[in-house]
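Quick one: the structure is below, questions incoming.
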Amino acid sequence: MQTFLGAIFCAVMLAVILILRVWRKKSVAKIYDDMKEKENSYTLIVGSYDWGPAVDKIILNPKLQTFETDSAKSDFTEDDFAPKNFTVKIRTEIFDYASGKIREIEGNAKVKSAWASDIDGNPDSDSEAKHDPTHDNEPVGMPETPHITLALEVHPENQLLSPFIYDSESGHNVWKKKFIFEISHPKFEGTITECNDWYSPDADLFTDMKSTGELKAASFSPEIKDGKKRPLIVWLNGAWEGGRDVNIALLGNKVTALAKNPIQSYFDGAFVLCIQTPTFWMQHGDVPYDILKEDCTDKSSRYTKSCKHVIDKFLHDTPMADKKRIYIGGCSNGGYMTVNMILSYPDFFAAAFPVCEAYNDGWLSDSDIRTLDKVPTWFVHAKNDATVPPEKHVIPTTQRLLSARTGYILHWSFFPDVRDTSGKFTDDKGAAYEYNGHMVWVYLFNDQCSSESGENLWAWISRQSRICEDSGEDL
């Protein structure tokens, strides 16, 4: 009897295992099918720029028309890759600041160049012949996975290509809900209208942190081959880059530049931690910006301890991060938070770099100035910043700090305005494009901040280190 029951039990278990295996196989197959790139579709590649993100490439998976020849492969020639053959129509939405409402716009993006590529947009080796003058007008063929990548012309004022839109309810940038591309070509079978996905190579340099409490964060880790510890750069987002998607913070102000050369080269590699607030750093209680109210006497942020917790957790999880070389900075709202963090933990940071900081000098007591005096600081601001007037913020604060300290650990970069220095973007008169004076972070991330003596900001920061006794405890 026991043998019979045992046989039944084994048969039932075997059946259950077989059923689970079939179910798992079908589930996995469905997942892969859902993830599989669809024919006649496109993928948007988002670049990180001074003014924010912009779609600068599109990877197409086109369905080509069939011809009388053996296959479409031999019918896509070099001439077919000419930018004029591609039409990229965009229908999207923008926030109209004049009316305070969202309105729809449409237009065409300009294609700069096109090439046969793999699924990631890398030039296909079989298509290299199209760059050889001796192969003019010969078929270039399509790769085994027949993709075509288009490079688009971007500009600070081209809102068609920006994936962000300002949300007046939250006060933050968010991803556009309506962002429709229609790509056509004489040899495509119909217009390509289905989007597979979007991808940002720059944002992908960062990894989302888990278990960060009420704040979001993402980090970059340098490659370390010599076994030596590397410093940590902490960045705090500006007002519009708050929310619950750290990609908004990474791309909104070109924070991704912190993970790339030339900034990384000053440190021989540095960890980067970008921390995002769900509302605004300038918030003491339950209401955003309540620290601006006249009856608010405590100007500290409600996120002070949470921010420190994220940094501490990163340090705990990253033994190769040097606790004596922690540098903190942020722009505008994040500049306020930078000052706030220095006031709260003056013995923790090796240096700070507040950018267009929004900590009103009137909020700083003489005692606060003495506290700030403990941390080597480099301020960055523009004279024509109308959002955070320097006359109420950086100018009086630096003057008070200069009176309180010897001056060798205080620097500032004070620009007359903010202009494009790449030579790529101009206004309608051909002059260097001028950004809003508040966007002085453009100079910071382009490694263009120097003191009056010519000293470079990042080189200076890289030399700062806290002097402390090694007690064997976490600093």
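Looking only at segment 345-372, count every residue that is within 14 Å of P396 (Cα to Cα), out of contact with any Asp or Glu (no Cβ under 7 Å at 6 or more places or on another chain) and part of a loop (DSSP other than H, G, I, E, B) and tell me the total.
The total comes to 6.
So which residues in segment 290-299 are surrounded by fewer than 16 Cβ atoms within 10 Å (Cβ to Cβ) and in contact with a helix residue (DSSP H, G or I) (Cβ under 9 Å, 6 or more places away or on another chain)?
Once the filter is applied, which keeps residues that are surrounded by fewer than 16 Cβ atoms within 10 Å (Cβ to Cβ) and in contact with a helix residue (DSSP H, G or I) (Cβ under 9 Å, 6 or more places away or on another chain), segment 290-299 yields C296, D298.
Now a separate question. Any residue at all in segment 317-337 that is open to solvent by less than 10 Å² (accessible area, probe 1.4 Å), in contact (Cβ under 8 Å) with a residue 24 or more places away in the chain and assigned to a loop (DSSP other than H, G, I, E, B)?
No: segment 317-337 contains no residue that is open to solvent by less than 10 Å² (accessible area, probe 1.4 Å), in contact (Cβ under 8 Å) with a residue 24 or more places away in the chain and assigned to a loop (DSSP other than H, G, I, E, B).
Here is a follow-up. List the pairs whose first member sits in segment 149-176 and is over 19 Å from E241 (Cα atoms), whose second member is open to solvent by less than 30 Å² (accessible area, probe 1.4 Å) and part of a loop (DSSP other than H, G, I, E, B), and whose Cβ atoms are under 7 Å apart, counting only residues at least 6 apart or on separate chains?
T149/G121; L150/F86; H155/F425
For segment 264-281, does any single residue satisfy the condition of being within 21 Å of I342 (Cα to Cα), assigned to a loop (DSSP other than H, G, I, E, B), touching a Phe, Trp or Tyr at 6+ places or on another chain (Cβ under 8 Å) and open to solvent by 10 Å² or more (accessible area, probe 1.4 Å)?
Checking segment 264-281: at least one residue is within 21 Å of I342 (Cα to Cα), assigned to a loop (DSSP other than H, G, I, E, B), touching a Phe, Trp or Tyr at 6+ places or on another chain (Cβ under 8 Å) and open to solvent by 10 Å² or more (accessible area, probe 1.4 Å).
Given (1) in a loop (DSSP other than H, G, I, E, B); (2) exposed (fewer than 15 other Cβ atoms within 10 Å of the Cβ), where does E391 come up short, assuming only one miss?
Checking E391 against (1) in a loop (DSSP other than H, G, I, E, B); (2) exposed (fewer than 15 other Cβ atoms within 10 Å of the Cβ), the one that fails is (1).
Condition first: in contact with a Leu (Cβ under 9 Å, 6 or more places away or on another chain) and open to solvent by 20 Å² or more (accessible area, probe 1.4 Å). Now tell me which residues in segment 211-221 satisfy that.
F220
Another question about this same structure. Inspect all residues belonging to segment 356-363 and state whether any of them is of a type in the set (D, E, K, R) and crowded, with 24+ Cβ neighbours inside 10 Å.
Checking segment 356-363: at least one residue is of a type in the set (D, E, K, R) and crowded, with 24+ Cβ neighbours inside 10 Å.
Here is a yes/no grid of residues against (1) modelled with pLDDT of 55 or more; (2) within 29 Å of W51 (Cβ to Cβ); (3) open to solvent by less than 70 Å² (accessible area, probe 1.4 Å); (4) in a loop (DSSP other than H, G, I, E, B):
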site	(1), (2), (3), (4)
T92	yes, yes, yes, no
S113	yes, yes, yes, no
D120	yes, yes, no, yes
D126	no, no, no, no
K130	no, no, yes, no
T149	yes, yes, yes, no
H155	yes, yes, yes, yes
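Please indicate, with yes or no, whether at least one residue in segment 440-449 is open to solvent by less than 50 Å² (accessible area, probe 1.4 Å), charged (D, E, K, R), farther than 19 Å from V355 by Cα and in contact (Cβ under 8 Å) with a residue 12 or more places away in the chain.
Looking through segment 440-449, none of the residues is open to solvent by less than 50 Å² (accessible area, probe 1.4 Å), charged (D, E, K, R), farther than 19 Å from V355 by Cα and in contact (Cβ under 8 Å) with a residue 12 or more places away in the chain.
Counting only residues that are open to solvent by 40 Å² or more (accessible area, probe 1.4 Å), assigned to a strand (DSSP E or B) and touching a helix residue (DSSP H, G or I) at 6+ places or on another chain (Cβ under 9 Å), which one in segment 168-193 is nearest to N108 (Cα to Cα)?
W175
For segment 229-260, which residues satisfy the criterion of being free of Cβ contacts under 8 Å to residues at least 40 places away in the same chain and part of a loop (DSSP other than H, G, I, E, B)?
R244
Of all residues in segment 407-439 being in a loop (DSSP other than H, G, I, E, B) and acidic (D, E), which is surrounded by the most Cβ atoms within 10 Å (Cβ to Cβ)?
Per the stated criteria, the residue is D420.
Within segment 394-406, which residues are part of a loop (DSSP other than H, G, I, E, B) and either surrounded by fewer than 15 Cβ atoms within 10 Å (Cβ to Cβ) or among the aliphatic types (A, V, I, L, M) (or both)?
Hit for segment 394-406 is T406, nothing else.
Taking D226, is it more than 30 Å from S450 (Cβ to Cβ), open to solvent by 30 Å² or more (accessible area, probe 1.4 Å) and not in a strand (DSSP E or B)?
Criteria not met by D226.
What do you reckon, is I461 modelled with pLDDT of 95 or more, buried (at least 20 other Cβ atoms within 10 Å of the Cβ) and either in contact with a Ser or Thr (Cβ under 6 Å, 6 or more places away or on another chain) or not in a loop (DSSP other than H, G, I, E, B) (or both)?
Here the answer is yes, as I461 does meet what is asked.
In addition: Would you point out which residue out of D208, D204, D197, D245 is surrounded by fewer than 20 Cβ atoms within 10 Å (Cβ to Cβ) and out of contact with any strand residue (DSSP E or B) (no Cβ under 8 Å at 6 or more places or on another chain)?
After applying the criteria, what remains is D204.
Follow-up. All but one of (1) touching a residue at least 60 places away in the same chain (Cβ under 8 Å); (2) surrounded by 16 or more Cβ atoms within 10 Å (Cβ to Cβ) hold for D347; state the number of the condition that does not hold.
Evaluating D347 over (1) touching a residue at least 60 places away in the same chain (Cβ under 8 Å); (2) surrounded by 16 or more Cβ atoms within 10 Å (Cβ to Cβ) leaves (2) as the failure.
Does at least one position in segment 55-72 carry a residue that is touching a Gly at 6+ places or on another chain (Cβ under 8 Å), farther than 23 Å from E189 by Cα and either at pLDDT 90 or above or assigned to a strand (DSSP E or B) (or both)?
Checked against the condition, which is being touching a Gly at 6+ places or on another chain (Cβ under 8 Å), farther than 23 Å from E189 by Cα and either at pLDDT 90 or above or assigned to a strand (DSSP E or B) (or both), segment 55-72 yields at least one hit.
The values are calculated or read from the model by the stated rules, or taken from the named source; none is laboratory data. Just so we're clear, the structure is a prediction, and the values are computed from it rather than from any experiment. All Cβ positions, glycine included, derive from the backbone under ideal geometry; neighbour counts span all protein chains shown. When the accessible area is computed, the model is the full protein with side chains, heavy atoms only, and any ligands, DNA or RNA have been set aside. Shrake-Rupley method; radii C 1.70, N 1.55, O 1.52, S 1.80 Å.
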